[in-house]
Amino acid sequence: MARRGKTPLITKKHMARLEKEQRQTRIIVLSTLAVVILVVGLIGYGLLNEYVLKPNRAVVRVGDDKASISEFINLANFNGQQIVSSYTQNVQIAQMLGYDQSYIDSIKQQITSSLEPSTLGNNVLNSLIEDLLIRQEAKRRGITVTEAEFEEEMQAQFGFFPDGTPTPKPTFVTVPTSTLSPLQTALFPATSTPIITPTATLSVTLTPTAIPPTATATIQTTSTPQVTATPAFTATPTLSPTPYTEELYNAEYKKVIEDFKTSKVPESTIRWIVESGIYRRKVRDAVLAELNLKPEEEQVWARHILVADQETANKILEQLKNGANFAELAAKNSTDTGSAPKGGDLGWFGKGKMLPEFESAAFGLAVGEISQPVQTTYGWHIIQVLGHEVRPLTESEFSSLQDSKFNDWLKAQREATTVEIDETWRDVVPTITLPSS
């Protein structure tokens, strides 16, 4: 019989069991806490990686400089929206001019490929690489872009010139002429000085009319449409004589920036693009100044007969060796419908205007000499050179020459610099589609 009023005795067995239960409880609590910490940590790291680490990871490294994934995405959004804006405006113009749906569909087909993620992403990457290379060169040369220069460039994009509209730069006009030798006159008696420039590639330019606050882009297509990097802004046309004041400019600038933000393009991206354009212009001027280019180049005047196969070319060559008239054979046999009616005459052209195989053969011939059959992607050519000269260039031709030389310089810089690309860019290119028309 138990004794009343007495505290029960705790045996060693009870103590051992209590200690065991307490240990198990502590283990459960600590394990649960560890799981909670791990889960929170993983979620936190995921958020950190998604919104901080990943966006700031380098998508491309050019030497010691880099561009982040977030910068890449912003530029892709900008380029994509420029394409969409250009397409929309071109469709509106086509509709106003009464073009049918098939024409509008052709515009869409022409431009859609440029929005394909791999194409859009590659274009942005190449632009970023060039911008970084140019900024590195600017740093080496001590070239800078001041806040005043940036502001002046932005004002010019909007057509706002507080100090007055700039005076157009004088242009030079050259009309190449030649004095034909007796040999040239004998070879080509039906003409004086041909100045025909052959067309090497087909270029379709779609130039939209900019209506603020939408930025516009010019799309030039050969095989793949390309978008210019610098945004073009135009002040809103007005029918009243109200002057375009700084207040109006600031209001329009603010609205354009806000519109870009809705397209996921921050103001910092616009600044990068505009500054890059200024750096490019300054570095280009410095590089070309060192090259000391002159508005002239070596050119060749040639005519040709184009046929489908080598056997036909050999037969025509044999006829020429036997004294046949080149112009008559060209008119009769050449499949080049542009030059055949002119006796095969291609006019004067410089290097880089023709296919490499054709160009190499033409520049290697003496005046009056006829080539062996030359194969290109168009067929087989019999070429005769009618002249070699260093000829003056038109302003447009000289500008093209300068562009070519600067692009050669850029290519050399890229080849001499370590460029590393993070291929994960393919997973982050924004999806941008054209609106239905």
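Please determine, by comparing only the residues of the range 376-385 that are in a strand (DSSP E or B) and of a type outside the set (Phe, Trp, Tyr), which one is nearest to Glu297 (Cα to Cα). Walk me through how you get there before you give the answer.
Initially, the range 376-385 is screened for residues in a strand (DSSP E or B), giving 376, 379-385.
Next, only the ones that are of a type outside the set (Phe, Trp, Tyr) stay: 376, 379, 381-385.
Details: Thr376: 24, Gly379: 28, His381: 25, Ile382: 25, Ile383: 21, Gln384: 20, Val385: 17 Å.
Across the range 376-385, the extreme among qualifying residues is Val385.
Quick check on my filter: what residues within the range 323-340 are within 36 Å of the chain's Cα centre (by Cα) and farther than 15 Å from Ala302 by Cα?
Selection gives Thr335, Thr337.
Taking the residues in the range 355-400 that are β-branched (Val, Ile, Thr) and out of contact with any helix residue (DSSP H, G or I) (no Cβ under 7 Å at 6 or more places or on another chain) as candidates, determine which candidate is surrounded by the fewest Cβ atoms within 10 Å (Cβ to Cβ).
We begin by selecting, within the range 355-400, every residue β-branched (Val, Ile, Thr); these are 367, 370, 374, 376-377, 382-383, 385, 390, 394.
Now restrict to residues that are out of contact with any helix residue (DSSP H, G or I) (no Cβ under 7 Å at 6 or more places or on another chain): 377, 390, 394.
Numbers: Thr377: 7, Val390: 10, Thr394: 17.
Ranking the qualifying residues of the range 355-400, first place goes to Thr377.
Condition check ((1) modelled with pLDDT under 90; (2) under 24 Å from the mean Cα position of the chain (by Cα); (3) in a helix (DSSP H, G or I)) across all residues:
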{"residue": "Glu19", "(1), (2), (3)": "yes, no, yes"}
{"residue": "Ser31", "(1), (2), (3)": "yes, no, yes"}
{"residue": "Gly41", "(1), (2), (3)": "yes, no, yes"}
{"residue": "Asn49", "(1), (2), (3)": "yes, no, yes"}
{"residue": "Leu53", "(1), (2), (3)": "yes, no, yes"}
{"residue": "Arg61", "(1), (2), (3)": "no, yes, no"}
{"residue": "Val84", "(1), (2), (3)": "no, yes, yes"}
{"residue": "Lys108", "(1), (2), (3)": "yes, yes, yes"}
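Would you please name the residue that is farthest from Ile111 (Cα to Cα), looking only at residues in the range 415-437 that are of a type outside the set (Ser, Thr, Tyr) and surrounded by fewer than 14 Cβ atoms within 10 Å (Cβ to Cβ)? Before the answer, list the steps.
Here is the first cut: in the range 415-437, the residues of a type outside the set (Ser, Thr, Tyr) are 415-416, 419-423, 425-430, 432, 434-435.
If we keep only those that are surrounded by fewer than 14 Cβ atoms within 10 Å (Cβ to Cβ) as well, we get 415-416, 420, 423, 426-427, 435.
On the way: Glu415: 30, Ala416: 33, Glu420: 29, Glu423: 25, Arg426: 20, Asp427: 22, Pro435: 12 Å.
Among those residues, the one meeting the criterion is Ala416.
Restricting the search to the range 316-332, which residues are within 11 Å of Trp380 (Cβ to Cβ) and either loosely packed, with under 12 Cβ neighbours inside 10 Å or in contact with a helix residue (DSSP H, G or I) (Cβ under 8 Å, 6 or more places away or on another chain) (or both)? Outline the logic, then answer.
Keep residues of the range 316-332 that are within 11 Å of Trp380 (Cβ to Cβ), which gives 316-317.
Residue satisfying the conditions is Ile316 alone.
I'd like to check something: does the range 401-411 contain any residue that is in contact with a strand residue (DSSP E or B) (Cβ under 9 Å, 6 or more places away or on another chain) and in the same structural domain as Thr112 (by TED's automatic domain parsing)? Step through it out loud before you land on a result.
First pass over the range 401-411, keeping only residues in contact with a strand residue (DSSP E or B) (Cβ under 9 Å, 6 or more places away or on another chain): 401.
With in the same structural domain as Thr112 (by TED's automatic domain parsing) added as a condition, the list becomes 401.
So far as the range 401-411 goes, yes, one or more of its residues are in contact with a strand residue (DSSP E or B) (Cβ under 9 Å, 6 or more places away or on another chain) and in the same structural domain as Thr112 (by TED's automatic domain parsing).
Please go through the range 67-78 and give me each residue that is farther than 9 Å from Ile432 by Cβ and assigned to a helix (DSSP H, G or I), ordered by number.
Within the range 67-78, Ile69, Ser70, Glu71, Phe72, Ile73, Asn74, Leu75, Phe78 qualify.
Name the pairs whose Cβ atoms lie under 7 Å apart, with the first residue in the range 250-278 and among the polar types (S, T, N, Q), the second part of a helix (DSSP H, G or I), and 6 or more positions between them or separate chains?
Correct list of pairs: Ser263/Asn77; Ser263/Gln81; Thr269/Asn74; Thr269/Leu75; Thr269/Phe78; Ser276/Asp131.
Test Asn123 against the stated conditions and say whether it is within 16 Å of the chain's Cα centre (by Cα), touching a residue at least 12 places away in the same chain (Cβ under 8 Å) and within 17 Å of Phe260 (Cβ to Cβ).
Details: within 16 Å of the chain's Cα centre (by Cα): yes; touching a residue at least 12 places away in the same chain (Cβ under 8 Å): yes; within 17 Å of Phe260 (Cβ to Cβ): no.
No; evaluated as a whole, the condition is false for this residue.
Here is a list of conditions, (1) in contact with a helix residue (DSSP H, G or I) (Cβ under 9 Å, 6 or more places away or on another chain); (2) surrounded by fewer than 17 Cβ atoms within 10 Å (Cβ to Cβ); (3) at pLDDT 95 or above; (4) not hydrophobic (A, V, I, L, M, F, W, C), and Gly352 meets all of them except one; can you say which number that is?
(3)
Looking at Pro392, Pro373, can you tell me which residue is farther than 22 Å from Glu297 by Cβ and touching a residue at least 24 places away in the same chain (Cβ under 8 Å)?
Working: Pro392 fails: farther than 22 Å from Glu297 by Cβ.
After applying the criteria, what remains is Pro373.
Taking Lys264 as meeting all but one of (1) closer than 30 Å to Ser113 by Cα; (2) modelled with pLDDT under 90; (3) surrounded by fewer than 19 Cβ atoms within 10 Å (Cβ to Cβ), write down the number of the exception.
Here Lys264 clears every test but (2).
Would you mind finding the one in Asp408, Asp336 that is surrounded by fewer than 18 Cβ atoms within 10 Å (Cβ to Cβ), of a type outside the set (Phe, Trp, Tyr) and farther than 30 Å from Val265 by Cα?
Values: Asp336 fails: surrounded by fewer than 18 Cβ atoms within 10 Å (Cβ to Cβ).
The conditions single out Asp408.
Restricting to the range 401-424, and then to whatever is modelled with pLDDT of 95 or more and of a type in the set (A, V, I, L, M, F, W, C), can you tell me which residue is farthest from the chain's Cα centre (by Cα)?
Step by step, filter the range 401-424, then rank; the result is Ala416.
Working carefully through the options Thr165, Thr119, Thr88, Thr112, find the one that is farther than 19 Å from Arg281 by Cβ, of a type in the set (S, T, N, Q) and outside the structural domain of Asp422 (by TED's automatic domain parsing). Spell out the reasoning first.
Details: Thr119 fails: outside the structural domain of Asp422 (by TED's automatic domain parsing); Thr88 fails: outside the structural domain of Asp422 (by TED's automatic domain parsing); Thr112 fails: outside the structural domain of Asp422 (by TED's automatic domain parsing).
Being farther than 19 Å from Arg281 by Cβ, of a type in the set (S, T, N, Q) and outside the structural domain of Asp422 (by TED's automatic domain parsing) holds for just one of Thr165, Thr119, Thr88, Thr112, which is Thr165.
Among the residues of the range 262-293, what is the count of those that are part of a helix (DSSP H, G or I) and under 23 Å from the mean Cα position of the chain (by Cα)?
Of the residues in the range 262-293, the ones part of a helix (DSSP H, G or I) are 262, 267-291.
Now narrow it down to the ones that are under 23 Å from the mean Cα position of the chain (by Cα): 267-288.
So the count comes out to 22.
Looking at this structure, is Ser114 of a type in the set (S, T, N, Q) and crowded, with 16+ Cβ neighbours inside 10 Å?
Against the criterion (of a type in the set (S, T, N, Q) and crowded, with 16+ Cβ neighbours inside 10 Å), Ser114 qualifies.
Please verify whether Gly364 is under 27 Å from Pro182 (Cβ atoms) and free of Cβ contacts under 8 Å to residues at least 24 places away in the same chain, treating the condition exactly as stated. Outline the logic, then answer.
On the way: under 27 Å from Pro182 (Cβ atoms): yes; free of Cβ contacts under 8 Å to residues at least 24 places away in the same chain: yes.
In short, yes.
Only one residue in Thr144, Thr119, Thr112 is hydroxyl-bearing (Ser, Thr, Tyr) and part of a loop (DSSP other than H, G, I, E, B). Which one? So that I can check it myself, show each step before the final result.
Numbers: Thr119 fails: part of a loop (DSSP other than H, G, I, E, B); Thr112 fails: part of a loop (DSSP other than H, G, I, E, B).
Selected residue: Thr144, the only one of Thr144, Thr119, Thr112 that is hydroxyl-bearing (Ser, Thr, Tyr) and part of a loop (DSSP other than H, G, I, E, B).
The values are calculated or read from the model by the stated rules, or taken from the named source; none is laboratory data. Everything numeric here is computed off the predicted structure, so don't read it as measured data. Reconstructed Cβ throughout: ideal geometry from the backbone, glycine too, with neighbour counts over all protein chains shown.
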